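So the structure is just underneath, and the comments pick up after that.
The values are calculated or read from the model by the stated rules, or taken from the named source; none is laboratory data. All figures in this text were calculated on a predicted structure; none of them were measured in a lab. When we count neighbours, we look across all protein chains shown, and the Cβ atoms used for this are built from the backbone with ideal geometry, even at glycine.
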Amino acid sequence: MLKKLLALTFAASLCPALAASEADIRKAMEERLGTKVESVTKAGYLGLYEVYADGNIFYTDEKVTAIVVGGQMIDARSMKNVTEERMRRLTAIKFSDLPLERAIKQVRGDGKRVLATFEDPNCGYCKRLAKDLQKLDNVTIYVFLYPILSEDSLRKSKQIWCSADRSKAWNDWMIDGKAPTGREDCDTSAVVRNQEYGRRLNISGTPTIFFGDGERVPGAIPLPRIEQKLSQGR
């Protein structure tokens, strides 16, 4: 959908919509984007409004005469990426709402610090992340099997989930390259439900990390940043 919207960046409705409120802007944007708008707020810059829809942030004026798609709002004084910061807040979740019973749980040390990841077993960046996470201590890690890359990803996820020791099977593959060889015909509904749940959260890439405060971070971020974030939540 985003590719289609990029083509509309400067052409999105030049008709004089008389938007006078956030409700009017919401309605006008839903008509133009063809999808549900989650929120409309004043951006605080150039008189623009921030519109959050379909997992993306758009900017528009009060009359919806133009739509900025895929742009990053930068505060010129602090050089802070406003769009990035807002995306972190808009995509955050309540950590306790995660279906942790459907994740592979790994505890190190006192396990007081927590994070959750959504990972595909054939994702190269996930393998790099798995190796980095081995260096963490005093942490509980919940790995949600989220096979989205291929049929083989689904097969490996089922084999890992069916293993007697899921954590060992996961680490054997992701860290040591020892492919799972066990059965895949146990109750693997957790894997399927993780796929459905991830789609509802608009998780389109792996790995995706959730910290204890609910902040979402896409991608395999550097270990020092993970350590810093975990330390802040202690």
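Can you tell me which residue is nearest to residue 51 (Cα to Cα) among those in segment 90-100 that are assigned to a helix (DSSP H, G or I) and in contact (Cβ under 8 Å) with a residue 40 or more places away in the chain?
Initial filter on segment 90-100 (assigned to a helix (DSSP H, G or I)): 90, 95-97, 100.
When the remaining residues are screened for being in contact (Cβ under 8 Å) with a residue 40 or more places away in the chain, the result is 90, 95, 100.
Details: 90: 11, 95: 25, 100: 31 Å.
So, considering only residues that are assigned to a helix (DSSP H, G or I) and in contact (Cβ under 8 Å) with a residue 40 or more places away in the chain, the one nearest to residue 51 (Cα to Cα) is 90.
Quick one: is residue 85 part of a helix (DSSP H, G or I) and in the same structural domain as residue 214 (by TED's automatic domain parsing)?
On the way: part of a helix (DSSP H, G or I): yes; in the same structural domain as residue 214 (by TED's automatic domain parsing): no.
No.
What is the number of the single condition among (1) within 19 Å of the chain's Cα centre (by Cα); (2) of a type outside the set (Phe, Trp, Tyr); (3) at pLDDT below 95 that residue 97 does not meet?
Single failed check for residue 97: (3).
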